[in-house]
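Trainee: I'd like to ask some things about the structure below.
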Amino acid sequence: SPHLPSGMAAPAGARITQTADFYDFGVAVRVSAPPGGQVASLSHLGKGFTSSLISNSSGSARPPRASGTLSPAQAAAATGAARAFWLALGRNDAQAAARTVLPAQRTCFRSMMGGPRFTVTSLAIISAQPDGNARATVRFSVKARAILGGQSVPVLPQGPGRVQWLSTTEVGGHWYVDLGHSGGLAFGPACK
């Protein structure tokens, strides 16, 4: 039976299913270890993990340039989706947070939200800019941390010159956070 690492808890009623497929027995393979600079033990990561939990290098560091138009009602709805996303994370309400993301990304998002506990100590929406038709980039400032393996780490990069933003999209008259096109979210590329 699988066990979660110390300090991590599955949501009440959660069920873990593990499937393993074994194939290609007896086939010759060539395997080489990665360079030493790309290897770390889990205990090392847990003790020394000071970079951002959710930021990564694969997401775009800069928001897209403004293009198109955005009505005041659309801007309000786009910023409302971003605000609801962060507030739900701050309440550690994975279901409410999942309802703020695109329906096609919800299963992926839920699968990644079972471990860390979040705290959001401040959130300020700065602007919503058009990003084509029925899309907007919401810029904000948030101070959020996640507890993972007993360590508290920033959720997004902090400091001067760091732009925090989410992509939002209108679908069927509702606005949702689009994780696959948002910058700095580690689960974004996985949830495209």
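The values are calculated or read from the model by the stated rules, or taken from the named source; none is laboratory data. Everything numeric in this text was worked out from a predicted model, so none of it was measured. All Cβ positions, glycine included, derive from the backbone under ideal geometry; neighbour counts span all protein chains shown. Calculation scope for accessible area: heavy atoms of the full protein, side chains included, ligands and nucleic acids excluded. Shrake-Rupley method; radii C 1.70, N 1.55, O 1.52, S 1.80 Å.
Trainee: Across segment 180-191, which residue is modelled with the highest pLDDT among those that are of a type in the set (A, V, I, L, M, F, W, C) and surrounded by fewer than 20 Cβ atoms within 10 Å (Cβ to Cβ)?
Mentor: The qualifying residue modelled with the highest pLDDT is ALA190.
Trainee: Among the residues of segment 45-60, is there at least one that is at pLDDT 60 or above and either open to solvent by 80 Å² or more (accessible area, probe 1.4 Å) or part of a helix (DSSP H, G or I) (or both)?
Mentor: The answer is no, given that none of the residues of segment 45-60 is at pLDDT 60 or above and either open to solvent by 80 Å² or more (accessible area, probe 1.4 Å) or part of a helix (DSSP H, G or I) (or both).
Trainee: Is at least one residue of segment 63-79 modelled with pLDDT of 90 or more, assigned to a loop (DSSP other than H, G, I, E, B), within 16 Å of THR168 (Cα to Cα) and more than 21 Å from the chain's Cα centre (by Cα)?
Mentor: The answer is yes; a qualifying residue exists.
Trainee: Tell me, which strands (runs of 3 or more DSSP E) lie completely within segment 100-179 with 1 or more residues that are open to solvent by 50 Å² or more (accessible area, probe 1.4 Å) and within 15 Å of ARG62 (Cα to Cα)?
Mentor: Qualifying strands (runs of 3 or more DSSP E): 117-130, 135-148.
Trainee: Still on this structure, I have one more. List every residue pair whose Cβ atoms sit under 7 Å apart, with the two residues 6 or more apart in sequence or on different chains, where the first one lies in segment 127-147 and is touching a residue at least 24 places away in the same chain (Cβ under 8 Å) and the second, anywhere, is open to solvent by 60 Å² or more (accessible area, probe 1.4 Å) and among the polar types (S, T, N, Q).
Mentor: Short answer, once both residue conditions are applied: PRO130/THR69; ALA144/THR119; ARG145/THR119.
Trainee: Now, a different point. When both residues are 6+ apart or on different chains and their Cβ atoms are under 9 Å apart, which pairs have a first residue that lies in segment 94-118 and is more than 20 Å from ARG145 (Cα to Cα), and a second that is open to solvent by 70 Å² or more (accessible area, probe 1.4 Å) and part of a helix (DSSP H, G or I)?
Mentor: What qualifies is ARG106/ARG99.
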